[in-house]
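In what follows, a single structure is set out as C-alpha cells and then discussed.
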Amino acid sequence: MQSTRVALVTGAARRVGRAIVQRLAEGGFDLAFTYLNSQTAADELAGIVRGMGRRIVAIRADFADPPAASAAVADTVMGEFGRLDVLVNNASVYEPSSLGDATLEQGRRMWAVHVETPLLLVRRLEPALRASRGRIINLTDLLAERPWPAYLLYSVTKAALLSLTLGLARALAPEVTVNAISPGAVQWPDDYPEEARRRYLSRVPLGRAGTPQDVAAIVHFLATEGSYITGQVLRVDGGRSIA
C-alpha cells in the first residue's frame, strides 16, 4: 500500500474546490475529486495535477442520489489508492430559494448534496480515515449562521452540514478530526450584481472579498497541521461574521 497521503475533494472541477485540489497537490497529496457537469474543467485540472507529479483521479458523480454516488466515489478512491487521509466535503448547490419560491424538489436536492452525501461518504470511508488518523473538512457558509431570506434552503442545509460537523467530531474522536470552514465572499457568482457586491463589502471589516486560495490555505492547514483542533468552525470571511 502506498504511503503518500491521499485527499478526496468533492465538487472540485471549478471555483473553490479547484483551488483546494491544487493547493493539496502542491503540498504533496495524491488526489481524487468529484465533478458533475464540468468535464472539460475536470480534465484540465487533472492534467495540471499530473504535471506536478501527483496521482489524481476525477470521478463523475451526481450527489442528488446519495446512496449511489457515495458508494461509487468511496469504491473508486479505495480501489485506486487503498487509503484516505483527508476528506473535503465541498460539493454545493448555490441557488436562490425564497419562502415564496422554494420548492420541495429544490430542498431535497440541496439536502442530498449538502447533508446526505457527506454523511454517507463519511460512513463508507470511516475505516480508512480512522486507520490514517485522518481529517474531515466540511465547507459550510457564512449563511449557515446568518441566513439570507432569498437563499433560505441553501442557508438551512448548510446549517445542517455545520451541525453534522459537530456531531461527527464527537463520533469519530479520537482518531479523526472534523472541522468546518465557513467562507464569506471568496468568489462571486458570475451574475452577481456589482452594486450588491459593493454593499456586501461595505460591511466587511477587512474591506475586500477573499479568494479561493484563502480557503484552500486553511484546508491545507487543517489537513497537515492542527491535530488538536476538532469540532470547530473557521470563518474565512474578512470579519463579516462579527460586523
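The values are calculated or read from the model by the stated rules, or taken from the named source; none is laboratory data. Worth saying up front: this structure is predicted, and the values here are computed from it rather than measured. Note: ideal-geometry Cβ built from the backbone for every residue, glycine included; neighbour counts use all protein chains shown. For accessibility, only protein heavy atoms count, side chains too; no ligands or nucleic acids. Shrake-Rupley method; radii C 1.70, N 1.55, O 1.52, S 1.80 Å.
Scanning the stretch 75-110 for residues that are in contact (Cβ under 8 Å) with a residue 40 or more places away in the chain and among the polar types (S, T, N, Q) yields Thr76, Asn89, Asn90, Ser92, Ser97, Ser98, Gln106. Say we look at the stretch 203-240 and pick out the residues that are aliphatic (A, V, I, L, M) and farther than 13 Å from Ile20 by Cβ; which of these is most open to solvent (accessible area, probe 1.4 Å)? Per the stated criteria, the residue is Leu206. Reported count of residues in the stretch 120-150, each being part of a helix (DSSP H, G or I) and open to solvent by less than 80 Å² (accessible area, probe 1.4 Å), is 11.
For the stretch 1-33, filtering for residues that are open to solvent by 20 Å² or more (accessible area, probe 1.4 Å) and not β-branched (Val, Ile, Thr) leaves 13. Which of the following residues is assigned to a helix (DSSP H, G or I) and not aliphatic (A, V, I, L, M): Arg199, Arg208? Exactly one residue qualifies, and that residue is Arg199.
Restricting Leu164, Leu153, Leu168 to residues that are over 27 Å from Ala128 (Cβ atoms) and outside any loop (DSSP other than H, G, I, E, B) narrows the list to Leu153.
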